[in-house]
Each structure stands twice: as structure tokens, then as C-alpha cells.
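Each reported figure results from applying straightforward, stated rules to the coordinates on display, with no laboratory input. On a predicted model such as this, the values are computed, not experimentally measured, just so you know. Here the Cβ positions follow ideal geometry from the backbone for every residue, glycine too, while neighbour counts run over all protein chains shown.
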Amino acid sequence: MRTTIKNRMMIGASLLMMTFSFAMNANAKSCATLPSCDELGYTKADCGSKKALKCPFDQTKLFCGGEISDDVILTNCDAGTIYYSDNTCSSTYYSNKTVVGVVAGEGVIVNIVQTSSGMTWDQAVDACKNVARGGKIAHLPTIDEGRVIMNNSGAINSGLSKIPGATKLTDDNHWSSTEYDYGMTYASAALNFYPTGSGSTVDDKTFQSNVRCVFDF
């Protein structure tokens, strides 16, 4: 009988020591020094246009993620928005995306630069075929596409002004791809892209005019 009691006492003592040890460890963990916000990567005070995560211990310390995008579905792209190669458009310029051009409206994207300030009609047609951006091949705009550009020239120039290296539309006549049947020697010079312009004119294909290529979307 004494052996049994002794064994029980030893077992009880062991359990008590284990419980005490567990409690000590639990207290030690709960009293440990928490990592700082800097150590966790929350090192910024302002994330600008990037997504921000706040440190749980100090809401003024931030971790900055990717750009906050206001991309929209293509069919909802307004004139003047920037069209990107990933089939999105935005009113904001993002340097980490490939720009195709600026939306003119009705499925027309204006190239960010003027191709030439003086080309014959045939040269203009060929030149636009050699312009490619973001996987798209350009073309010389039709007279109808030229009117779309004219009607939205202010918004287009606003969008172009946001893109490094882009050039705004000029208040001059530009070739269109639309031909008039005058023995195939004449073609219509597109509208001059400004609402105050004189409309379209018909010029000999050998004349020199400005060239601004466009893309479809």
C-alpha cells in the first residue's frame, strides 16, 4: 500500500511540475517583445498611388503594394483615356504598362506621336502600316475616323499630355485613307483635328500633308 501511495505522490508531483512549467512557458511567450512595424516591413508613411496596408501596431506605418488601377472595360473607354497593350484603358498614365495610344472614341485609338509633317498620300499609307505598338498595327485614318478625332481633339490632347514623349495633335490638315474618284489621282485630306478647322479638303495624292496614324480596338 505504501508503494502505491508513493507512486501516486510521485506522479502528482510530476504533473504539478509539468503544469507549472507549461504556465511559465505560456507567460514567457505572452510577455515576449513584439516585432516592430519596421521589422514587419511597414516602413512607409505615404504610398502615393500604390495600395497601402497599415501596420496592426501603428496605423501610421504603411506597407506599399502595387499600383491602384482605375482600369475599365474597353467598351466604356472615354475619349482621352490612355489605351494599354493589356487591353485596358485608364485616365492615369502607368509607367509599368505599354501604351498603345489615346482613345479618340468609337473604336479609334490615336498614335501618341505624329508620324510625319510632310508625306504624299502613298507614303502616308505605307508609313502607317509600319507603325506598331503593343501588338497592334496602325493604319491611316478614314475621313470618318478623322471626324471622330476632330470632335474629341481637346480630350485627346489632354490624354497625350500625360504620356512622356507624346506629341499633341496639330491644327493642320492630315491625310486620310478615304479616296475620291477623280481618276484615282486625288484623295481626301483628313480634317485638321480641331473643331475650328475648315473641314475636309480634296488634294492631289502627290501633295504633302501631315500624317497621324490610328489603331483599332
- Task: May I ask you to derive the FRET efficiency for Y94 and D171 from their Cβ-Cβ distance with R0 = 30 Å, giving the value to the nearest 0.05?
- Result: 0.55
- Item | Pairs from K61/K162; K44/K168; K168/K205 whose Cα-Cα separation, in the structure shown, is over 27 Å | K61/K162; K44/K168
- Here the net charge surrounding F207, from other residues whose Cβ is less than 15 Å away from its Cβ (Lys, Arg +1; Asp, Glu -1), is -4
- Item | Karplus-derived HN-Hα couplings along segment 154-160 (A = 6.51, B = -1.76, C = 1.60, θ = phi - 60°), whole Hz, x at Gly and Pro | x, 5, 5, 5, 5, x, 4
- Message: Skipping prolines and chain starts, which residues have an amide H placed within reach, meaning under 5 Å, of the one on T201, given they are 5 or more residues away or on another chain?
- Response: A189
- Taking the Cα centre of segment 103-193 as origin, work out the dipole magnitude from +1 charges on Lys and Arg Cβ and -1 charges on Asp and Glu Cβ, in debye rounded to 20. 480 debye
- Query: Quick one: if the Förster radius is 35 Å, what FRET efficiency do D46 and S161 give, using the C-beta to C-beta distance and rounding to 0.05?
  - Reply: 0.85
